[in-house]
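Data first, discussion second: the structure below is written as structure tokens.
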Amino acid sequence: MLPTGFELESTEEIQNKWMNLQYRIHILLFAVTLILEILMYFLMDAKDNIDASRSRYFLKYCLIPSGCNLVFVLGSRWSLRSRKVVRDLRPLLMSAFLLLSCTMLYIVHSTFGALTIVFSIPVLISVVYGNYSLTTVIALTSLFLRILAENLPAWDSTRESVWSSVDARFNYIISLIMQVCLYLLILVITYFEKMKNQAIEKRMAEREKLLQEIRTDALTGLCNRLAFESTMQALTEEKVPDCILAMVDFDHFKQINDRYGHPVGDQYLAFLGRVLRETAPRAEAFRYGGDEFCLLFCETPLEEAEKLCREIQEKMKEAKSMEPSFIPTLSIGLAQGRDGMTARELLAEADQVLYRAKAKRNCCIAEGQ
């Protein structure tokens with residue numbers, strides 16, 4: 001693949017990165033919650049604010065919640081890593097397990113009213129996937145789990161019921177309305193985020209198409225001189241030994257243009273371009289300029305590259321049907337990369353071998369012959 005100056009990550013790659021980050025967030029939530037619970041015990045114990053025994057405290061606030069959260073983390077890991085899980089279901093399952101951890105955190109610590117915010121975390125994280133259905137399912141599930149958690153028997157006996165007073169009921173209903181409003185806002189953000197991403201993708205596709213056009217020879221459909229130079233610049237000294245460069249020259253091409261005209265000459269060039277693509281599909285083919293072409297073989301034995309070049313010479317003779325009185329021939333010179341050789345030196349050597357082949361005409365010469 002030719003270098004274009006930038007690489008675009010696919011939507012799938014970005015989604016995989018985000019799922020990995022979501023998994024790390026889940027682990028972080030589990031670890032921080034457990035550490036804070038342990039620290040909280042020692043802080044409260046120092047002030048004699050704990051009514052329960054140490055074993056009861058650790059069972060109720062550390063062992064049981066952390067055990068449940070560990071199961072949810074492992075479920076999230078399974079969703080991310082298992083091949084049995086369909087790729088499109090992974091974001092939903094991971095978000096669901098994260099929501100269960102958030103629900104467990106709220107059930108245990110519902111005395112802290114501010115913790116209702118944890119129900120919004122999975123919903124906000126789901127926005128990145130740009131999937132309305134996913135966000136809606138997680139938002140509705142989070143709303144249901146919150147209502148369920150607040151109406152279950154209190155995990156902490158000091159928690160005030162949401163129905164205990166008029167003010168508590170009012171605050172409870174308002175917070176539910178705010179959670180629904182947050183969901184609607186998230187849907188709007190998702191909509192405009194998708195529009196923005198689609199516009200960016202369209203611009204990138206247009207830019208990629210323009211770059212391909214700039215780097216493609218219109219007549220032959222092969223990569224042009226600019227693409228060839230970019231490819232050679234990308235060849236480091238470590239890569240050069242794995243490469244073979246073949247330079248191809250059309251014999252007596254000036255005679256074709258002089259005798260039959262440039263339109264016929266263009267037909268021969270287009271025919272040669274097609275032969276290069278079809279005969280050596282694993283090699284990168286370039287129109288170097290005029291009637292000169294290049295083939296860059298990577299990780300191909302010299303004998304195989306030379307064999308393909310001779311096949312190209314033979315197939316080129318099929319073009320004689322354009323002008324029966326003229327049989328087109330090619331001169332080809334091949335140079336093999338060596339340790340310590342630069343791309344520029346490889347090109348210079350292939351050029352020298354080509355001159356030796358052109359002296360004989362209709363000849364294919366590999367370096368060292």
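Data table
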{"item": "Cα centre as origin, Lys/Arg/Asp/Glu Cβ charges: the chain dipole, Debye", "result": "1000 debye"}
{"item": "Degrees separating the helix 11-46 axis from the principal Cα axis of the chain, which is the longest one", "result": "30 degrees"}
{"item": "Degrees separating the helix 132-151 axis from the principal Cα axis of the chain, which is the longest one", "result": "20 degrees"}
{"item": "Counting all C-alpha pairs of region 230-369, share separated by more than 26 Å (%)", "result": "21 percent"}
{"item": "Links that overshoot a 31 Å alpha carbon limit, given the list Lys254/Lys307; Lys60/Lys84; Lys17/Lys209; Lys196/Lys239; Lys239/Lys317", "result": "Lys60/Lys84; Lys196/Lys239; Lys239/Lys317"}
{"item": "Residue-level accessible surface for Tyr260, protein heavy atoms, 1.4 Å, Å²", "result": "50 Å²"}
{"item": "Exposure of Ser82 as accessible area (Å², to 10), given a probe of 1.4 Å and all protein chains", "result": "20 Å²"}
{"item": "Degrees separating the helix 302-316 axis from the principal Cα axis of the chain, which is the longest one", "result": "60 degrees"}
{"item": "Scattering profile of region 160-312 at q = 0.11, 0.12, 0.13, 0.18 Å⁻¹ [log10 I(q)/I(0), Debye over alpha-carbon scatterers]", "result": "-0.62, -0.69, -0.77, -1.09"}
{"item": "Read-out percent of Cα pairs over 33 Å apart, derived from the coordinates shown; its label in (i) 27; (ii) 34; (iii) 56", "result": "(iii)"}
{"item": "Region 302-366: equivalent-ellipsoid semi-axes (sqrt of 5 x gyration tensor eigenvalues, Cα, Å)", "result": "27, 12, 8"}
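The values are calculated or read from the model by the stated rules, or taken from the named source; none is laboratory data. These numbers come from a predicted model, not from an experiment. Every residue, glycine among them, receives a Cβ derived from its backbone with ideal geometry; neighbour counts consider all protein chains shown. Side chains included, ligands, DNA and RNA excluded: accessible areas come from the protein's heavy atoms. Shrake-Rupley method; radii C 1.70, N 1.55, O 1.52, S 1.80 Å.
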